[in-house]
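A short worksheet on the structure shown next.
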Amino acid sequence: MIKSIDKIITVIYAIAAFLLVVFALLTIGWSVWEVFDRFRFNDHMVKKLLQAVGAIVIAIAIIDVAKYLFEEEIFRSKELRSPTEARKTLTKIFVIISIAVSLEGLVFIFKAGTTDIKSIIYPAFLIITSILAMVGLGIYQKLSVQAENGTNADA
């Protein structure tokens, strides 16, 4: 019974990962189409370029999440075997999120620079949040490695 449930869950993960890739590729294609469409009419070109960059950044982050699903949930054993493996998996996910947040912050900074400079505070908070997330990840890495070394010394 448990094996059949695991197979069903693996199929669900595979479908979800495949759909994420399809939607990300559609987002990239739509963004490129929008840029070329604006290029023909020469209407708000910079704004559309920045929107396309933002959409492509999000699409790449979505593809990274799909890649993670394929690697960790479909092709590998579902159980994490060691604290080191758990730390590496969590690090992958966290880095993907942090990169997406920081790139979105950069895109919004450029957008604020072309429209209203007063609105730059919100993208700056995104960048600061991304930096704090990376600092938190560094602290997590240091503490988890110390815990792993302590666990390995006890064994």
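By a 1.4 Å probe calculation restricted to protein chains, THR84 has an accessible surface near 40 Å², given to the nearest 10. Highest GNM mean-square fluctuation, the chain, Cα pairs closer than 10 Å: which of VAL11, VAL32, VAL57? Highest fluctuation among the options: VAL11. Label zone (VAL35, point 7 Å along Cα-to-C-beta; backbone nitrogen cut-off 16 Å) within the stretch 104-123: 104, 107-108, 110-111.
Extension gain, PHE18 to LYS142, is 41.2 nm, computed as 0.36 nm per intervening residue step minus the present C-alpha separation.
The angle between the Cα long axis of helix 2-41 and the longest principal axis of the Cα atoms of the chain comes to about 20 degrees, rounded to the nearest 10. Per residue, the accessible area of the stretch 1-86 comes to 71 Å² when a 1.4 Å probe rolls over the protein heavy atoms. Taking the longest Cα principal axis of the chain as reference, the axis of helix 121-154 is set at about 10 degrees.
A Förster distance of 22 Å, applied to the separation of the beta-carbon atoms of TYR68 and ILE8, puts the FRET efficiency at 0.65.
In the chain, the DSSP-assigned H stretches of four residues or longer account for a calculated mean residue ellipticity at 222 nm of -30500 deg cm²/dmol, using -39500 (n - 2.57) per stretch and the full residue count as denominator. If you take the square roots of the eigenvalues of the alpha-carbon gyration tensor of the chain and sort them as a ≥ b ≥ c, do you get rounded (a/c under 1.5), prolate (a/b over b/c) or oblate? Oblate shape, in that a/c is at least 1.5 and b/c is the bigger or equal ratio. Solvent exposure of PHE39, expressed as accessible area, is near 140 Å², computed with a probe of 1.4 Å over the protein chains only. Assuming charge only on the beta carbon of Lys and Arg (+1) and of Asp and Glu (-1), the dipole of the stretch 75-126 about its Cα centre is about 300 debye to the nearest 20. In a DSSP loop and with at most 16 other Cβ atoms within 10 Å, the GluC sites (Glu not before Pro) in the stretch 2-96 are GLU79. Among LYS118, LYS48, LYS88, the largest mean-square fluctuation in a Gaussian network model of the chain, built with springs joining Cα atoms closer than 10 Å, belongs to LYS118.
The values are calculated or read from the model by the stated rules, or taken from the named source; none is laboratory data. Worth saying up front: this structure is predicted, and the values here are computed from it rather than measured. Virtual Cβ from ideal backbone geometry, glycine too; neighbours counted across all protein chains shown. Please note that ligands, DNA and RNA were not included when accessible areas were found on the heavy atoms of the full protein model with its side chains. Shrake-Rupley method; radii C 1.70, N 1.55, O 1.52, S 1.80 Å.
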